[in-house]
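For reference, the structure is listed below as structure tokens.
A short reminder: the numbers here are calculations on the coordinates, not readings from a lab. Worth saying up front: this structure is predicted, and the values here are computed from it rather than measured. Cβ placement follows ideal geometry from the backbone for every residue including glycine, while neighbour counts extend to all protein chains displayed.
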Amino acid sequence: MKKVLIVDDAAFMRLTIKTVLEHNNFEIVGEAENGRVAFEKYKMLQPDVVTMDITMPEMSGIDALKIIRQYDSNAKIVMISAMGQEMLVREAIVNGAASFIVKPFKEEQIIYTIKKVVGE
Amino acid sequence: MSKNESISEKEVEPVPQFMNEPMLEMYIFETTQMIEQLEQAILISEKGGFYEETSINEIFRFMHTIKGSSAMMLYNDIATLAHSMEDVFYFLREAKPTLVDYSQLSDIVFEGVDFIKVELIKIKNGDSADGDASGLIEKIKEFMTFLKSENPSGQSIESKKPETQQKYYIAPEKKITYDAKNFYKAVVYFEEGCEMESIRAYTIIHNLTELAEELFSIPEVGSGSDSDSELIKENGFKIYVRTNLSYEKIESFLQDTIFLKELKLEEISDEETFLSFKQTEGTNFEENEIKLPQVLENRISKEPINKEQIWKEVGNNAPQSVISVSVDKLDKLMDLVGEMVISEAMVTQNPDLVELELENFTKAARLLHKITSEIQDTVMSIRMVPLSTTFMKMQRIMRDMCKKLEREVELQLIGEETEVDKNIIEHIADPLMHLIRNAVDHGIEENEERIEKGKDRVGTVTLEAKNSGSDVLVIVRDDGKGLDKERILTKAIKAGLVDETTVLTDREIYNLILLPGFSTNENITEFSGRGVGMDVVSKNLQLVGGTILVDSTFGEGTCMTMKIPLTLAIIDGMNVKVGGSCYTIPITAIKQSFRPKAGECFTDPDGNEMIMVRGNCYPIIRLHKYFEVQTVVKEFHEGVLIMVEQDARMICLFADELIGQQQVVVKALPNFIKQTKNIQSLSGCTLLGDGSISLIIDIGGLTQYRTSK
């Protein structure tokens, strides 16, 4: 089972993503509510893939993406974006995000994207 | 040319298929919480007359999250509304406009917040969130347009964004000689509904850069504009590549594209045809040339990130020290602690142990008792919530009222950190709101009238909370006109609530306003005075075992004191025996207990039994008579009198004997009993150490019964 770290400041989104992924045989190894915690947990848990919200307090998803990719250049990070954040997603892609999905997403969309990213 | 494997084409259901109960609960919980924080942020900002950058950021983020979550739950009106407010705060954050009507902004945001609140209540009750926010959204858009026209400098932010991004592109090189000999044309179609097609296309270009020597596309992507996305949706994304790679390599690379629906890849035979595509498809060679994204390393070296420092900072991050637990679990825990308290009593007060010398057992039992009471205290403290959120809500109500009534009133908060059981808090918000509204609407005078009376122009309503024994007092005090005794009395007589001949104390007159069907204000306003008022307040409080006291000085102000028990679940009680039954009296109500001498009690002409204690006369209630229990103890000097007080009314209860003091867990009476027997003066029941059941007496009910008789 592939290990996933979920990063989002909204507990609701974390629960949603977690439920969907667990339902599709992914193992949720951790959750983080901002970029800082995400980086800490990434180092500790070494997940196969990270779902990363963009707008978060303390440290944004973009900054977290940058430092995680600096720490581990193979890190696979899927950005979870809201509508209208095109430029931020673009910045994330430039900085090595593996892919992205746009809220509100459907179950198959997120599963498909993450499976693709981890090469399943 | 090939057709790509596509993601399963499932029918899109109206409700996301993975949504479940806990998710909905979490959605409601989190959104409610954010709405509350948001309100506070706005209130604080409004008081200061200015929105701090941190508040703007915070509000922006809340709106952003609400938008995302609501969209996931398919509550589209909430999502769109939150989106429009997010836009406003995005503008405030980025453009830092100087000319902002903050009061209007607050009004609009509050209106939006109220809309979301109403929808949340609907959702909570299982109704569909069918509110229409379009008018409101329109209003916000208008405000936004106005804001932009007032602050034209802010408009540059739209164009500013892409500009900064352009830096990461290298301009088309003037004259480069290419040596790659393979040319391809690819058309990529994305899955419908995958969103942000232009950025998806950009991702391909970004990844292809390393493999291609020359690369251009139609449309040129990178600005992330919606028109690009539309174009791609309609015609597909066309890519022209010059590369050394084979057809298979390029194909497999493009096949890997996420959300790829269809790929058309063809080889272009020679350079000329390739270049002709440039000219025919694109309008201008130079302009249409895609600017290649620079490699990642360049970007990093431009903006060096100090790894050490960031990692150090990150390392300092303390582990999470607060977790949220569902109230259900806490209720369950509380129940279990209650059971434990009972079982402890069952063990230590076991009838089998009576009159045995058990030194070691007693020691162990004492230790057990110590620990159980500590657990009990801890569990109770977990359930305690400060009143501050409830008080904050009152600030909001106050603000709205003052605006509507065009009256300046200040709300003073004292002791908002006082903590009360979670369940109780929910029950006092409504009564409190009512009291505040009454105070502002009926209590405080118009500003001019106040000046005439020699008072401060601005009225003050004080909201105070403090602990008093096992109760919490919540006091609403205003410095308004006070209650008019005469008017209350006339009104009460007219309404048939009291007899004309009855002589009442001041306090009793004030308490008349708590009776159903009483309202002194002839003018019904939007906020209060519909005839259902204070009696609802008092009923609501009774639900949680609370009471309300009214005090007032005419011309100087009114003071309403709500007395609420800290917690409902476990109380200190005195067990008394009446015949074969056992009753529990809350310790807090007991003033004293004593055995009267024979002949000390007397009977008044109406046949009511009384006793004189220290010069005061107290009515007596025989519990065996009241509850219709058989007992042999019928003479006062054979039993015991317990003097109890509630709402400044004192009575004496007559019981056979005292059994002893004990902590008891309050359990609601089963519905069956409620239906078959008159339980007006019982607030619940409890289990005793020996396994028998004791009924908990509601002193308030008894005192009222006696006074009304």
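Some points to look at:
- Projected label distance in nm at B:Gln255 and B:Ser343, using a 7 Å step from Cα toward the beta-carbon: 6.4
- When only alpha carbons are used to place a centre, the range B:353-417 and the range A:48-74 end up 41 Å from one another.
- Between the amide H of B:Gln663 and those of B:Gly573, distances stay under 5 Å, these residues lying 5 or more places away or on another chain, with hydrogens modeled in the peptide plane.
- Each Lys and Arg contributes +1 and each Asp and Glu -1, all at the Cβ; summed about the Cα centre of the protein assembly as shown, the dipole is approximately 1580 debye.
- Computed extension gain for B:Ile693 through B:Lys539, at 0.36 nm per residue and net of the alpha carbon distance, reaches 52.7 nm.
- What the Cβ-Cβ distance of B:Asn671 and B:Lys332 gives, at R0 = 30 Å and to the nearest 0.05, is a FRET efficiency of 0.90.
- Computed E for A:Glu120/A:Lys43 - FRET, C-beta separation, R0 35 angstrom, nearest 0.05: 0.90
- Rounded to whole Hz, the Karplus (6.51, -1.76, 1.60) HN-Hα couplings of the range B:54-61, x for glycine and proline: 5, 5, 4, 4, 5, 5, 4, 5
- Relative contact order for the range A:3-118, counting Cα pairs under 8 Å that sit 6 or more residues apart, in percent: 23
- Extension reserve of the B:Leu367-B:Glu21 stretch, reckoned as 0.36 nm per residue once the Cα distance is removed: 120.3 nm
- Here the range B:576-625 and the range B:52-110 have alpha carbon centers that stand 64 Å from each other.
- Inter-label distance, B:Asp226 to B:Glu417: 5.0 nm, where each label sits 7 Å from its Cα along the C-beta direction.
- 5 angstrom amide H check on B:Thr462, placed H, neighbours 5+ away: B:Gln412, B:Arg477, B:Asp478
- Spatially near lysine pairs across the range B:570-708, Cα under 21 Å, sequence gap of 8 or more or different chains: 12
- Among the residues of A:65-73, the average count of other protein chain beta-carbon atoms within 10 Å of the residue beta-carbon is 3.
- Whole-Hz Karplus values for the range B:195-208 come out as 6, 6, 4, 5, 6, 4, 5, 4, 4, 4, 4, 4, 7, 6 Hz, taken residue by residue from phi with 6.51 cos²θ - 1.76 cosθ + 1.60 and θ = phi - 60°; glycine and proline positions read x.
- The protein assembly as shown, helix-only ellipticity at 222 nm - DSSP H runs n ≥ 4, -39,500 (n - 2.57), divided by all residues, nearest 500: -14000 deg cm²/dmol
- Antiparallel beta bridges, as assigned by DSSP with both residues in the protein assembly as shown, represent about 75 percent of the total such bridges.
- For B:Ser683, residues with placed amide H under 5 Å, excluding near neighbours: B:Ile696, B:Ile697, B:Asp698
- For the range B:621-631, backbone phi angles converted through the Karplus equation (6.51, -1.76, 1.60; θ = phi - 60°) give residue-by-residue couplings of 10, 7, 4, 5, 6, 4, 8, 6, 10, 6, 8 Hz, Gly and Pro being listed as x.
- Estimated inter-spin distance, B:Ile375 and B:Thr505, nm [label 7 Å along Cα→Cβ]: 4.5
- Calculated FRET efficiency for the pair B:Leu658/B:Asn350, C-beta based, R₀ 22 Å, to 0.05: 0.60
- Estimated at 0.36 nm per residue, the fully extended path between B:Met610 and B:Tyr705 surpasses their Cα-Cα distance by 32.7 nm.
- Mean partner shielding of peptide A:34-45, defined as the number of other chain Cβ atoms within 10 Å of each residue Cβ, is 2.
- 10 Å Cβ neighbours from other chains, averaged over peptide B:52-65: 2
- Global geometry of the range B:387-565, whether rounded, prolate or oblate, following the gyration tensor of its Cα atoms and the 1.5 cut on a/c: oblate
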